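Laboratory data are not the source of any read-out in this text; all were calculated from the coordinates shown. Just so we're clear, the structure is a prediction, and the values are computed from it rather than from any experiment. Counting neighbours? That spans all protein chains shown, and the Cβs are built from the backbone with ideal geometry, glycine included.
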Amino acid sequence: MTNLHLEGEVHAALAENRPVVALESTLITHGLPYPDNVNTALAMEKAVREGGATPATIAVIGGEIRVGLSALEIEQLAHAINVRKCSRRDIAIAVARGETAATTVAGTMIVAAMAGIRVFATGGIGGVHRGHPFDVSADLIELGRTPVAVVCSGAKSILDLPLTMEVLETHGVPVIGYQTDTLPAFYARSSGLPVDIRVETPEEVAAIIISAGRLNMKHGILIGVPVPGDDELDAAIAEQIIEQATADAEAQGVTGKAVTPFVLARVAELSGGKSREANTSLLVNNSRTAGAIASALAINEDDLDELDRDM
Ligand code: PSU
Ligand code: MN
């Protein structure tokens with residue numbers, strides 16, 4: 001396809017039906033400060049490999065949609081200035097103008113689906129903003145229409161999590177708890193909001209992805225993995241910081257696509273070291289889990305193909 005460029009190792013893995021995990025790039029350009037962003041992006045790629053899969057970090061570089069970046073390209077992206085944050089509405093613009101741009105969860109899902117990648121790992125998805133029920137992240141809509149499984153730690157409680165769950169339901173997105181009964185709340189292991197189903201293993205997730213595919217359901221799947229217990233942030237402290245950060249955004253009149261990056265940066269400023277630890281820990285853990293899910297998916301499908309041949 002025009003403008004879609006698969007990096008060599010990713011191309012080979014996909015051609016041979018070996019597991020691949022997509023990773024987003026907005027995390028690098030708008031989510032984390034330098035050098036945490038580069039270190040974390042590379043640690044996520046390593047964790048995907050530990051899970052048994054090939055990582056494919058997705059971005060737009062000079063107008064080309066790239067699936068799989070080198071360490072040097074990740075470093076360059078981290079230093080690029082005025083990088084467009086690409087959700088669904090932005091991708092065509094970035095490509096037409098030959099820009100270097102980052103993909104959000106929605107943008108990354110679109111490109112992953114184009115490339116034939118079915119599992120994607122990130123930290124938190126966008127959602128419905130607190131006090132602004134019509135500021136609904138395009139991530140939620142994309143999850144309803146693009147068949148990619150997104151492994152994440154829920155969403156930061158900078159968002160209205162109950163409303164976010166309602167919108168996911170409206171758009172027909174199954175929400176799976178990975179070894180948990182509730183939607184994770186990013187820094188905290190639980191939001192208290194029940195998920196649709198709890199699973200214990202990568203194989204169980206793979207079975208649901210395969211089932212959705214065979215039924216041609218077309219929607220995505222959200223898999224919530226709680227931050228590892230040792231790195232969880234105290235819920236009361238997290239809440240206080242988030243309230244402050246959201247109030248600051250409000251006071252400074254920040255709107256639209258700038259809200260999430262602003263609040264993320266403010267939360268980082270206010271919380272210092274401990275939140276960074278939680279953030280890195282969950283990103284790496286989610287990447288490893290996504291690698292294991294993609295591996296189970298590849299193995300499971302070989303079995304199913306054999307069953308089909310036997311019948
Ligand atoms: N939440 C985080 N870290 C992030 C993002 C969300 O904890 O980096 C990024 C993701 O790329 C997500 C995007 O897709 O922000 C959502 O932006 P918006 O709310 O403008 O849809
Ligand atoms: Mn928004």
(request) For the chain, give the magnitude of the charge dipole about the Cα centre (Cβ charges: +1 Lys/Arg, -1 Asp/Glu; no others), in debye to the nearest 20. (result) 820 debye
(request) Consider just the alpha-carbon atoms of the range 4-310 and return their Rg together with their Dmax, both in angstrom. (result) 18.0, 65
(request) Using +1 at the Cβ of each Lys and Arg and -1 at the Cβ of each Asp and Glu in the chain, identify which of THR170, LEU297, THR54 lies farthest towards the dipole's positive end. (result) THR170
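Would you mind working out the magnitude of the charge dipole of the range 244-286 relative to its Cα centre, with +1 at each Lys and Arg C-beta and -1 at each Asp and Glu C-beta, to the nearest 20 Debye?
120 debye
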(request) Could you work out the local net charge near GLY51, counting Lys and Arg as +1, Asp and Glu as -1, over the other residues with Cβ closer than 15 Å to its Cβ? (result) +2
(message) Can you classify the range 1-132 as rounded, prolate or oblate using the Cα gyration tensor, where a ≥ b ≥ c are the square roots of its eigenvalues, rounded means a/c under 1.5, and otherwise it's prolate if a/b beats b/c and oblate if not?
(response) rounded
(request) Of the options LEU23, MET114, THR40, report the single residue whose Cα projects farthest towards the positive end of the charge dipole of the chain (beta-carbon charges: Lys, Arg +1; Asp, Glu -1). (result) MET114
(request) Do me a favour and compute the ellipsoid semi-axes for the range 11-63 from its Cα gyration tensor, root of five times each eigenvalue, largest one first, whole Å. (result) 22, 15, 7
(request) With a 10 Å radius around each residue's Cβ, average the other Cβ atoms per peptide and rank 249-262, 59-72, 286-299, highest first. (result) 286-299, 59-72, 249-262
(message) On alpha carbon coordinates alone, what is the Rg over Rh value for the range 154-233, Rh being the Kirkwood radius?
(response) 0.99
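Restricting to the chain, what percent of DSSP beta bridges are antiparallel, rounded to 5?
30 percent
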